[in-house]
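Notes to accompany the following structure.
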Amino acid sequence: MKADVHPRLRHVARNPRRPAGVAAARPAEAGPRQTQKAATRSRVLDAARDLFDTQGYQGTTIREIARHAGVSVGSVFTTFASKGEILSQVMEERLEALCAELDRVVPHLRGSTADRLRSMFAIHFAFEARRTKLFLSHIAAAYDWTLPPSAKPFGRTPRLRDVIHDILVKGVAEGDVDPSIDLLGAVELLVGAYGWSFRLAVTEGADAQAMTAAMDRQIGLIANGFRPR
Amino acid sequence: MKHISPNQVAGETAVKMPTRRALAKQQTRAKVLAAARRLFSESGYEGATIRDIAAAAGMSTGAVFANFTDKSDLFREIMGSDMAALAETMRDGAARGRGVEDALLKAFTAGYAFYKGQLPLARAAFSVSWAPQDGPVLRNAPQVNVLHELIVEQLTLGVQRGELSQEAEIKLRSQMLFDAYLSNYPQAIFEGWSLDALQARARDQIRILLAGARRG
């Protein structure tokens, strides 16, 4: 494939935002074909991440992604079924990094359930705020007609819900969450509040700190509603 | 203020009777809107093109552009009229409620029932609402504000009746109630939740969101 010698490759290779693990993760003894496929894949994901983050989900096309990655449209389609799947993969790789941090921190969080929720979401905002438009793309993708069932846009990844649910369950055990409330309903309120907070990035140019502050107030209001009375 | 007699009003109306040309234009608009509504529901906002919409309406793309500046104009027009009808339905629901919690629940349930038959269109609207350019425009549309205002009104009434405390943080609370109302749509769209299930979920959420503002 000619795509390999495209000059764009050099640009991508020196892209500082490229995750360091990607190149290292390439199996050393894989055949040249696998190696090339893995290279195409990571180049496509890098280009897609930048494009979704600047142009949004609807504003980005597969053709553009291919051009920026320096590969042919055809070779994008040998690896990914659709735009939605590319974004899913981009977000999944990011989610792994975020989850690693959550796994490390969440078990050690102290304070009331509201405080633990605040700390947990602050980690989220700090992580996503550098690429708010990418996250908004992630949300917008949920409503894409052409999205394959395998894609996991915002709202269809169980990970965030599980973390929140665990914190609430712990709150019930510790006595500051009313055991009679609908925990799943409360989880949805928190997930919703989190998603909506990203609006502030668009409408008011809010940074991580401003979004965290807005989320803190919402958590306070929700926590006030689920404390035992 | 100038007094206007009923006769005068009738007279003015008579003068403003649409001409045949205006009537034809109105019919064209209605045809385009009906075709657009169907295609947005079938293929989503992104998937529906002006060309397809024109074809479905049985006219040229030029005729469509003579009436609407672009696709987003067309979509805003559809959402605008739907939202106005939705606001009225939700207001009727709220009026039947006893107390702030019940009024909000009845308003929300009326809203879910309104869209239950046209979830694909709701889905298209959510898709647009998260788009970088069209999103803020749709979310700040006057018709959307009317829905938000409706919740503010109910909370204000709750404070006046003494159900909610004076420090009810109405601005934040109404926004969160509206967000909660909207955030249950994905359950209806993607997981086929019944009206009963949506209502039960909304009830729990309204309860949680109001609990902190209850008096006593």
*Using the structure shown, select from A:K83/A:K170; A:K83/B:K71; A:K170/B:K116; A:K133/B:K31; B:K71/B:K106; A:K83/B:K25 the pairs with a Cα to Cα distance greater than 28 angstrom.*
A:K83/A:K170; A:K170/B:K116; A:K133/B:K31; B:K71/B:K106; A:K83/B:K25
*Can you work out ³J(HN,Hα) from phi for every residue in the range A:213-228, in order, using Karplus 6.51 cos²θ - 1.76 cosθ + 1.60 and θ = phi - 60°, giving whole Hz and x for Gly and Pro?*
5, 5, 5, 4, 5, 5, 4, x, 5, 5, 4, 4, x, 9, 6, x
*Any idea what diffusion coefficient the protein assembly as shown gets from Stokes-Einstein, in µm²/s, Kirkwood Rh on alpha carbon pairs, 20 °C, 1.002 mPa s?*
88
*Would you mind telling me which residue in B:K171, B:K71, B:K31 has the biggest mean-square fluctuation in a Gaussian network model of chain B, where springs connect alpha carbons within a distance under 10 angstrom?*
B:K171
*asked:* Over chain A, with a Gaussian network built from C-alpha contacts below 10 Å, which listed residue (A:R49, A:R110, A:R67) shows the highest mean-square fluctuation?
replied: A:R110
*Residues in the range A:162-183 occluded by at least 30 Å² - accessible area, probe radius 1.4 Å, against chain by itself*: A:D182
_Note, ³J(HN,Hα) from phi for the range B:112-118, Karplus 6.51, -1.76, 1.60, rounded to Hz, x at Gly and Pro_ = 4, 5, 4, 8, 4, x, 9
*So, counting K/R as plus one and D/E as minus one, what does the shell of residues with Cβ under 14 Å around B:Q160 add up to?*
0
*Rounded accessible area per residue of chain A, 1.4 Å, Å²*: 48
*Shape of chain A, Cα gyration tensor, a/c cut at 1.5*: prolate
*asked:* Can you give me the % of accessible surface on chain A that is carbon or sulfur? Probe 1.4 Å, all protein chains present, nothing else counted.
replied: 55
*Per-residue ellipticity at 222 nm for the protein assembly as shown, helices alone: DSSP H runs ≥ 4 residues times -39500 (n - 2.57), over residue total, nearest 500 deg cm²/dmol?*
-23000 deg cm²/dmol
*How large is ³J(HN,Hα), in whole Hz, for each residue of the range B:40-45 in order, when computed from phi with the Karplus curve 6.51 cos²θ - 1.76 cosθ + 1.60 and θ = phi - 60°, using x for Gly and Pro?*
4, 6, 7, 10, x, 5
*How much accessible area is lost when chains B and A come together, counting both sides, with a 1.4 Å probe, in Å² rounded to the nearest 100?*
3100
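The values are calculated or read from the model by the stated rules, or taken from the named source; none is laboratory data. Not measured: the values here are computed from a predicted model. A quick note on method: Cβ atoms are made from the backbone with ideal geometry, for glycine too, and the neighbour counts reach across all protein chains shown. We work out accessible area using only protein heavy atoms, side chains counted, and drop any ligands, DNA or RNA first. Shrake-Rupley method; radii C 1.70, N 1.55, O 1.52, S 1.80 Å.
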